[in-house]
Amino acid sequence: MRRDLDRAWLALGVAVAVAAAINACGGSSGPTPVPTPFPSAPAPTPTPVPTPTPVAAACTLGKGTASASCARHDGRFVSDVDAAVDLVLRDHAVLFDLGDPNNPRVRDVGGYHAAVVRNLQAAGLCANYDGAEVQVKNTNDFSEQYDVLLSDGSVRRGAGAYRLTCQPASFPLDPEDVIDSIRVAFYGIRCPDGRTPPNNGLGRLPLDCTGFVTATPKTRDNRDVPPAVHGPTIDWFLKAGAEVVRVHDDTQIFNKTLVGLARGQFSLCATVKGVEGCLHGEVIE
């Protein structure tokens, strides 16, 4: 039940956001990278979120409600989702490893979910893949969430695929409806001389030490927004403290690296879908 509740917020994902994730341009407005004085800390590796193939037109029923209440009941669309999955298996065998016909494994996760969504839409339902689960509705009174992929990568069918019911319907939404804040914070600090760095949450970077920063879009209930919703674009800027820290780019565009140059305060900020968050930090001795 805890897993179900933790995943309820994912109902906020929408087809519009998936399209944005596909079409948005990458890149960052951060400074030109310069060599770091020593190897960086391992960056937090985001869980890969497959990007589905673009699906049919947006739901004609209109937008969902960001504050929808989600809980587990009895799924009303179980047979519809099963039928959509079976059609994918029949018509798109290339997406699967069919060595074991009783336990087909999915080769192309994004293509699989996109095909399931297209089949549901063709059946007259509003459907979307939010980056984790398939969402279905035929009214704005409620929507349902389905997890059609087992943890071992094989197809999930039947009542076990049903996860949650949201009332009123929780999709589609614009990314701006989902992203409430951007958390910008240290996830690690290293000093070349063996000094013990401060706690990451204090926002303090010792002189000549390297701090590793990440930006995380958050929902109203402080959960991470899925990459399929917030998209691959982020704008970084140093609002204050150019003489205090040097900013390095990172291989992950949602991460930056800072080196403490002089004592003082700094503000490193990031903007995603028009929502801004900042790390207001300080370089100390």
Original post:
So how do 210-219, 249-258 stack up, highest first, on mean other-Cβ count within 10 Å?
Top reply: 210-219, 249-258
**OP:** Throw me the Rg/Rh for segment 113-203, computed over C-alpha atoms with Kirkwood Rh, two decimals.
**Re:** 1.24
Subject >> segment 102-110 - phi-based ³J(HN,Hα) in whole Hz, Karplus 6.51/-1.76/1.60, Gly and Pro as x >> reply: 7, 9, x, 9, 8, 8, 10, 5, x
**OP:** List the extent of the Cα atoms of segment 175-258 along each of their three principal axes, largest first, rounded to whole Å.
**Re:** 44, 23, 23
**OP:** Could you estimate the translational diffusion coefficient of segment 56-112 from the Stokes-Einstein equation, with Rh from the Kirkwood formula over C-alpha pairs, at 25 °C and 0.890 mPa s, in whole µm²/s?
**Re:** 171 µm²/s
Original post:
In the calculated pair distance distribution of segment 131-285, what percentage of Cα-Cα distances lie above 18 Å?
Top reply: 65 percent
Original post:
Using Cα-only point scatterers and the Debye equation, what is log10 of I(q)/I(0) for segment 208-248 at each q in 0.24, 0.29 Å⁻¹, rounded to two decimals?
Top reply: -0.93, -1.08
Original post:
What whole-number value in cubic angstrom gives the convex hull volume per residue for the C-alpha atoms of segment 146-190?
Top reply: 163 Å³
Original post:
Thinking of segment 176-219 as a set of Cα atoms, what percent of all their pairs are more than 13 Å apart?
Top reply: 56 percent
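Out of all Cα-Cα pairs in segment 105-162, roughly what percent, to the nearest whole number, are more than 17 Å apart? Please list the in-between numbers first.
Numbers: 581 of 1653 pairs.
Counting pairs separated by more than 17 Å, the tail of P(r) holds 35 percent.
Computed from the coordinates by the stated procedures, all read-outs in this text should not be read as laboratory data. Not measured: the values here are computed from a predicted model. Neighbour counts run over all protein chains shown; Cβ positions are idealised from the backbone, glycine included.
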